[in-house]
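The values are calculated or read from the model by the stated rules, or taken from the named source; none is laboratory data. This is a predicted model, so every value here is computed, not measured. Note that we place each Cβ from the backbone using ideal geometry, even for glycine, and neighbour counts take in every protein chain shown.
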Amino acid sequence: MILTDKKILEAIAVGEIVIEPFRRECLGTNSYDVHLGKYLGVYVDRVLDAKKHNAIELLEIPEEGFVLQPGTLYLGVTEEYTETHQTVPFLEGKSSVGRLGIDIHATAGKGDVGFSNTWTLEISCVHPVRVYAGMPIGQLIYFVVDGAVENYYNRKPGAKYNQRTDKPVESMMWKNF
């Protein structure tokens, strides 16, 4: 089951969902709109190695926007910090963003119960497109879980993405080796 707007508000009221900053006008019928933060990351090397730490260069999106180029993976970040303690959050792109030819995640659209951070976006595009900090970029949808949770993400000792940040985070796959 997907939470409705009323259920999302109820979950926020009791602290089961945290969205900072929360703007009521961003709450949809069964989702919450999130916005592109002011930082983008691009990998320094063109060839990435899953067994090694791949450094990124951070770029700040200027007021006049930034033109994304096809063939480049950009790591973005949401303005919103979120916590989810009783539901599974899914991040999907907004249809108006998709209609500009922008994908906001390559594979990682699902969060875990206990995820507490901003969302790193895996942004790619099919043709050059200008983006702006603060623009709506995606929407969070919350699914009810069935059963008790034993292993909350934010309590896992080996969780790789627990450090709170307002910047995109590069792949930590190398920590698995």
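Look at (1) farther than 19 Å from Phe22 by Cβ; (2) aromatic (Phe, Trp, Tyr); (3) modelled with pLDDT under 95; (4) crowded, with 18+ Cβ neighbours inside 10 Å and you find that Phe115 fails only one, number (1).
Restricting attention to the stretch 10-21, the residues that are surrounded by 15 or more Cβ atoms within 10 Å (Cβ to Cβ) and either at positive phi or in contact (Cβ under 8 Å) with a residue 12 or more places away in the chain (or both) total 5. Might you check whether a residue that is surrounded by 11 or more Cβ atoms within 10 Å (Cβ to Cβ), closer than 25 Å to Cys125 by Cβ, in contact with a helix residue (DSSP H, G or I) (Cβ under 9 Å, 6 or more places away or on another chain) and among the β-branched types (Val, Ile, Thr) occurs anywhere in the stretch 26-42? Yes; the residues of the stretch 26-42 include at least one that is surrounded by 11 or more Cβ atoms within 10 Å (Cβ to Cβ), closer than 25 Å to Cys125 by Cβ, in contact with a helix residue (DSSP H, G or I) (Cβ under 9 Å, 6 or more places away or on another chain) and among the β-branched types (Val, Ile, Thr). Please indicate, with yes or no, whether at least one residue in the stretch 122-143 is part of a loop (DSSP other than H, G, I, E, B), surrounded by fewer than 20 Cβ atoms within 10 Å (Cβ to Cβ) and among the β-branched types (Val, Ile, Thr). The answer is yes, given that some residue of the stretch 122-143 is part of a loop (DSSP other than H, G, I, E, B), surrounded by fewer than 20 Cβ atoms within 10 Å (Cβ to Cβ) and among the β-branched types (Val, Ile, Thr).
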